[in-house]
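Q: Please see the structure below; I have some questions.
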Amino acid sequence: MHYKLGLIGFPVKHSLSPWIHRQFLKKAGLAGDYAIVEIAPGDSFEQKLQQIKHSQFDGFNVTVPYKKQIMPYLDQLDDNAKAIGAVNTVVQKDGKWIGYNTDGMGYITSLKQHYPSIFQNQACRILLIGAGGAARGLFFGLTTAGFTRVDIANRTLSSAETIAELGKKETNTAIMTLEEAEKQLHQYDLIIQTTNVGMKPNADDMILSLDQVGKNTIVSDIVYQPIETKFLHQAKQKGADVLYGHVMLLYQAQYAFELWTSQRVPAHDMEQDLKTVLG
Ligand code: ATR
């Protein structure tokens, strides 16, 4: 079998997914390739999808800005994708397209790899900063993994409230502004920055100050360009532990690869190489 895999999105020319998945194919001893299919804003989305269907991809990833737009074209959605309302992985099975979302699972795996002890206390205090698509995926992932105290801070409170509604009945979620969160950071065991604030070329931006963060807190940022965001840099200066965004990128890819090939390829030893590739 020769796996035909790929990625749709825009812009995606500089995506690291081809590098990651080609490494996975090599490690798994499988033949195949991972192509980039850029769909520019002026292109017909439907026409491009038809081309992909005719090309008989075994599976593909979906990224910005098509994670929601792809949904009506799929034959089936898994529970994660349904709840999150976005798809980042499509599996082709007997000519049918099935949509998944591996972001939440990817984050949980990256956390397990680096800070397994946090899973011993499911009532630990977690703060999500931001309330966009990424925050929604992480909130669902964390509450599905059993964490019961996941708060959300966002500039727009109504978006945070919409995410909180995803919680189970045992989940306790406080909603707050960024200014309120800034004063309460010492209360949290895990703080996750889920917005694109601080991403290159705006690497000097910071969504809030980590001045009040405690030494025993794990601070995590989903931004991976630069590898060490200003947010993570300040967390380190305060003596906190950090979890880098490229690690989540790697594990959401590992889970997608498993959906396509039924093989879970060890990814831990790729973290350093990915960091080098990202420069
Ligand atoms: P994604 O789907 O990639 O997560 P998104 O849905 O556009 O992206 O969400 C962006 C998140 O970043 C939101 O939480 C947004 O805050 P609002 O809900 O108030 O818009 C947040 N965000 C983006 N730029 C911001 C900024 N300059 N300051 C504060 N929050 C910002």
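No value in this document is a laboratory result; all are computed from the given coordinates. In this text the structure is predicted, and so the values were computed from the model without any measurement. Cβ sites come from the backbone with ideal geometry, for glycine too, and all protein chains shown count toward neighbours.
Q: Once the Cα gyration tensor of the chain is found, what semi-axes does its equivalent ellipsoid get, as square roots of 5 times the eigenvalues, in whole Å, sorted largest first?
A: 32, 20, 18
Q: Ok, one more. Anything over 18 Å Cα to Cα? Flag those among 67/275; 200/236; 200/230; 4/82, in the order listed.
A: Working: 67/275 25 Å; 200/236 20 Å; 200/230 11 Å; 4/82 25 Å.
Cα-Cα > 18 Å for 67/275; 200/236; 4/82; rest within.
Q: Another question, then. What spacing in nm lies between the two simple spin-label points modelled at residue 2 and residue 69, each 7 Å away from Cα in the Cβ direction?
A: The answer from the label model is 3.0 nm.
Q: Here's something else I'd like to know. For 140, 10, which order do you get if you count the other beta carbons within 10 Å of each Cβ and list the fewest first?
A: 10, 140
Q: Then there is this: Between helix 45-54 and the chain, what is the angle of the helix's C-alpha long axis to the longest principal axis, kept within 0 to 90° and rounded to the nearest 10?
A: The two axes meet at around 50 degrees.
Q: If I model a spin label at residue 155 and residue 187 as a point 7 Å from the Cα along the Cα→Cβ vector, what separation in nanometres do I get?
A: Distance between the two pseudo-spin positions: 2.4 nm.
Q: On to the next question. Name the residues of region 80-100 whose amide N is less than 20 Å from a point 7 angstrom out from the Cα of residue 264 along the C-beta direction?
A: Answer for this model: 80-81, 89-91, 100.
Q: Which loop GluC sites (Glu not before Pro) in region 136-229, with loop taken from DSSP, have no more than 11 other Cβ atoms within 10 angstrom of their Cβ? Walk me through the numbers before you get to the answer.
A: Details: sites: 161, 165, 170, 179, 180, 182, 228; in loops: 165, 170, 228.
The qualifying sites are 165, 170.
Q: Rounding to the nearest 10 and keeping the result within 0 to 90°, find how far the Cα-based axis of helix 245-261 lies from the longest principal axis of the chain.
A: The angle comes out near 40 degrees.
Q: Taking neighbour counts of Cβ atoms within 10 Å as a proxy for exposure, in what order, fewest first, do 159, 110, 262 appear?
A: Working: 159 17, 110 26, 262 8.
Least crowded to most crowded, the residues run 262, 159, 110.
Q: Let me ask another. Roughly how tilted is helix 103-114, in degrees to the nearest 10 and between 0 and 90, from the longest Cα axis of the chain?
A: Approximately 60 degrees, to the nearest 10.
Q: Then there's this: Quick one: length gained pulling residue 55 to residue 237 fully straight, 0.36 nm per residue minus the C-alpha distance? Spell out each step's value before the answer.
A: Numbers: separation 182, 0.36 × 182 = 65.52 nm, distance 5.02 nm.
Gain on stretching residue 55 to residue 237: 60.5 nm.
Q: Please identify the trypsin sites (Lys or Arg not before Pro) of region 1-74 that satisfy two criteria: DSSP loop assignment and at most 10 other Cβ atoms within 10 Å. Which are they?
A: 13
Q: Would you pull out the residues with amide H under 5 Å of residue 244's amide H, same chain only if 5 or more places away, H placed 1.01 Å from N?
A: none
Q: Just subtract the alpha-carbon distance of residue 278 and residue 170 from 0.36 nm times their residue separation and send over the number in nm, one decimal.
A: Details: separation 108, 0.36 × 108 = 38.88 nm, distance 3.96 nm.
Taking residue 278 through residue 170 to full extension adds about 34.9 nm, to one decimal.
Q: Could you state the number of Å between the C-alpha centres of region 25-87 and region 201-279?
A: Each part reduced to its Cα centre gives a spacing of 24 Å.
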